[in-house]
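The values are calculated or read from the model by the stated rules, or taken from the named source; none is laboratory data. These figures come from a predicted structure and were not determined experimentally. No Cβ is skipped: glycine too gets one built from the backbone with ideal geometry, and neighbour counts run over all protein chains shown. Side chains included, ligands, DNA and RNA excluded: accessible areas come from the protein's heavy atoms. Shrake-Rupley method; radii C 1.70, N 1.55, O 1.52, S 1.80 Å.
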Amino acid sequence: MTKIIVRGVLAYTLLILFGIGGLTLVRLVDAPVSNTERPGSGSDLIARVGDFPGACERHGPLSLSGAGYYWKCYGRVSPPGGTEMSAFFGPDELTPADDAAHPVNAVKDHKIWRRAVDHPYGFLGALGAVVLGAAGAIVAKLGGLRVLGWIAFQPDPGLRPPDEPGSPVRVRVPVVADAERRRAARPGAVVVLVGGLALIAASVTMVVAMSGLGDVGTLGWFFAWVFAPIGLLVLALVPYAHRRLVSPETVEITVAEDGVRQPNEDRPPTVVPWSSIDRLVLDEHVIGSHVACHLTLSGGGREFRLLPGFRTRSPHGFLLSPVLPADEARRLAEAFERYHPGRIRWPAREVRRGGFGIVHAVKRTIIRWKTRR
């Protein structure tokens with residue numbers, strides 16, 4: 001239950017962050033380089049703030065345009081030799097300082113009135129599209145219904161029902177992917193890489209834009225900085241993302257009284273007897289909820305008893321699966337303990353106490369699952 005809550009809170013946090021961040025980015029796409037610069041040329045239209053109460057409104061720290069403070073003002077525009085007219089300016093195009101004594105040059109761009117200064121942040125739209133595309137690709141890979149389940153604080157769909165006591169245990173094991181499957185996962189890893197770089201670039205640009213608009217030290221400014229470390233984290237996760245994006249072939253093995261049964265196409269299953277198995281080592285990934293599963297055989301190897309998909313060498317013998325889901329790993333460990341007790345190694349779940357009662361991970365202890373529960 002704790003895992004479901006943590007996962008749901010994390011999903012909600014990311015959803016809120018990216019929702020507010022997206023609104024902020026959309027506002028800054030059309031932002032001027034500065035809302036205090038007074039251009040001396042570039043337009044023969046002169047603008048000033050309206051002289052009625054409420055002509056300028058200060059919005060923030062949170063609004064429908066995202067995070068941060070900004071001005072929205074009604075102004076008066078005077079063309080040369082023409083009649084003064086009313087106009088509504090976009091965010092931070094006019095401020096209360098732009099009064100009749102300090103007018104600014106203005107331009108009209110696609111029916112939008114703007115300050116006659118540079119608006120250099122249009123590329124933020126492209127960066128936002130890249131980030132959105134990368135996020136969509138990740139959600140598609142994880143599964144839309146699965147992600148919605150996280151937001152609704154629901155367990156992952158497709159979990160197996162509890163195993164019946166005394167019956168053989170069937171475990172779905174993703175085996176080592178071949179070279180073709182690894183190559184097919186590279187474009188997805190590139191998408192994650194580009195998304196991380198775009199997130200960092202968007203964060204830095206948003207910080208620069210807000211600094212130029214005098215919105216330094218506010219919620220919006222700090223909010224823009226949040227995405228830089230998230231982007232760095234995404235870049236650090238690229239190797240892990242590549243491993244997860246690989247679509248491995250899944251094989252269902254059976255743990256029974258006679259040993260570990262491996263499917264052998266149309267022929268009877270190939271069985272690795274318990275007398276040939278020294279131990280099962282479960283090595284949790286540093287990041288994520290998957291486990292690398294290793295099988296150590298006694299008698300110097302005896303890989304002839306393993307099917308080709310399970311013959312990849314590893315530090316602990318043979319790699320049974322590189323990305324076994326944690327729930328399936330737990331079922332596999334419990335099945336091994338039932339039929340071959342005392343041969344399970346799961347270092348991340350083994351502890352010993354050192355000086356001052358400090359808990360340390362144990363790397364060389366064989367544990368019994370029946371005694372630890």
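Side notes on the structure shown:
- Fully extending the segment from Arg330 to Glu249 would add 27.1 nm, taking 0.36 nm per residue of separation and subtracting the current Cα-Cα distance.
- Surface exposure of the stretch 84-139, expressed per residue as accessible area with a 1.4 Å probe, stands at 49 Å².
- Accessible surface of the stretch 1-133 [probe 1.4 Å, protein heavy atoms]: carbon and sulfur percent: 64
- Of the trypsin sites (Lys or Arg not before Pro) found in the stretch 76-121, the ones in coil according to DSSP and having at most 11 other Cβ atoms within 10 Å of their Cβ are Lys111.
- From most to least packed by mean Cβ count within 10 Å, the peptides 59-66, 205-212 give 205-212, 59-66.
- Which of Phe123, Ala137, Cys73, positive extreme of dipole for the stretch 64-162 (C-beta unit charges): Ala137
- 1.4 Å probe accessible area per residue over the stretch 183-225, in Å²: 43
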